[in-house]
Amino acid sequence: MTTRSTTRALKGVFGTVLVAAMVTVAAPAGADPGGEPVTPMIIGGDLATETYTGMGSLQRKADQWHSCAVWLSDLSPRHAITNAHCVTTYPTSTPRDASLYQVRFGSNNRLDGGKLVGIKRILPHAAWNWGAGTGADADIAVLELDQPVRLKPFHIPTRTPAPSSKRTTVRAIGWGLTSWPGWTGPAPVDLSQLTMDIVDPSSCAAADIGVGEICVIGPDSATGICFGDSGSPVLQRSRHWGTRWDALGGFSRAVDEQTCTGAAVMTDAAYYRTWIRTVIRTGVVPPAPAHATSIRSNTPNPIYQRANQQAG
């Protein structure tokens, strides 16, 4: 019988996109200023049509190497949200050294403009264990910033629209490769966007979608999310505030990491909204639910290993 970990090991993830969750495919040839393989990517998208000030590029201070996206919520100007695989050390759940990172907010150009801030603490969900558990993957983390960022943030809704609802159209944004495989140029500097739809979880069954996760897919088979888009938020116009964007969650992994097209799994921000508020308010990560600590396999999901390596 194929276990959850085995299934993901065969399929792929978006890790540190995905980008951070990456599997064992060859690294892109492009490189950031530090000379390391990059991991950003929207396939079949267009350049961003507006400045999303709540969007941030998570970078190493030493060379501005982009590893993942992070985003601001209206819960706190001093905290950002990303996916746990972007900021923990494989195969443990130990946070990376926060002092090594910076985040550039408020600019569609990930190398220039906007506001640069540091990170004081990395606070991943206690149930996060690289897909080796029986409960939710809990691929989510809160970042405590070294100063408040007073730019227009995203709103976390109390619930995510169901695939059967009339509000399934969403917008993915991210910095990443615009084609795969065969990427040979430098990593994209400018933010891209792609219209996608929330679909039935069965479309992401091959990526072993679970509780607290959402399946999205692009308009055709030549579009998708890939290396470098991990942590990037999926947005939707607010039902009550037409100029405000709701952040429905961040990208975790792809169904087909070999081509970076098709469906992708994102962590549902509404599902973790109470957890996020608790961590922001108390500065303490709550213990993992009992069911989430039981391990099916002694080996963490190898799908996430590549992303972790790319996260630097």
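The values are calculated or read from the model by the stated rules, or taken from the named source; none is laboratory data. These numbers come from a predicted model, not from an experiment. Because the Cβ atoms are built from the backbone with ideal geometry, glycine has one as well, and the counts that use them run over all protein chains shown.
Which residues, counting only those in the stretch 283-312, are closer than 17 Å to Ala127 by Cβ and modelled with pLDDT of 90 or more? Once the filter is applied, which keeps residues that are closer than 17 Å to Ala127 by Cβ and modelled with pLDDT of 90 or more, the stretch 283-312 yields Val284, Val285, Pro286, Pro287.
Name the single residue that is surrounded by the fewest Cβ atoms within 10 Å (Cβ to Cβ) among those in the stretch 245-270 being more than 15 Å from the chain's Cα centre (by Cα) and farther than 26 Å from Glu50 by Cα.
Gln258
Looking across Arg150, Arg121, one residue alone is in contact with a helix residue (DSSP H, G or I) (Cβ under 9 Å, 6 or more places away or on another chain) and surrounded by fewer than 20 Cβ atoms within 10 Å (Cβ to Cβ). It is Arg121.
Every test in (1) touching a residue at least 60 places away in the same chain (Cβ under 8 Å); (2) surrounded by fewer than 24 Cβ atoms within 10 Å (Cβ to Cβ) is passed by Leu72 save one, and that test is (2). In this structure, is Thr160 over 20 Å from Val265 (Cα atoms), within 19 Å of the chain's Cα centre (by Cα) and not in a strand (DSSP E or B)? Spelling it out, it is not the case that Thr160 is over 20 Å from Val265 (Cα atoms), within 19 Å of the chain's Cα centre (by Cα) and not in a strand (DSSP E or B). With respect to the stated conditions, Ser93 fails to be surrounded by 16 or more Cβ atoms within 10 Å (Cβ to Cβ), in contact with a Leu (Cβ under 8 Å, 6 or more places away or on another chain), polar (S, T, N, Q) and modelled with pLDDT under 95. Just so you know, in the stretch 117-157 the residues that are in contact with a Phe, Trp or Tyr (Cβ under 8 Å, 6 or more places away or on another chain) and free of Cβ contacts under 8 Å to residues at least 60 places away in the same chain include one that is nearest to Val279 (Cα to Cα), and it is Ile119.
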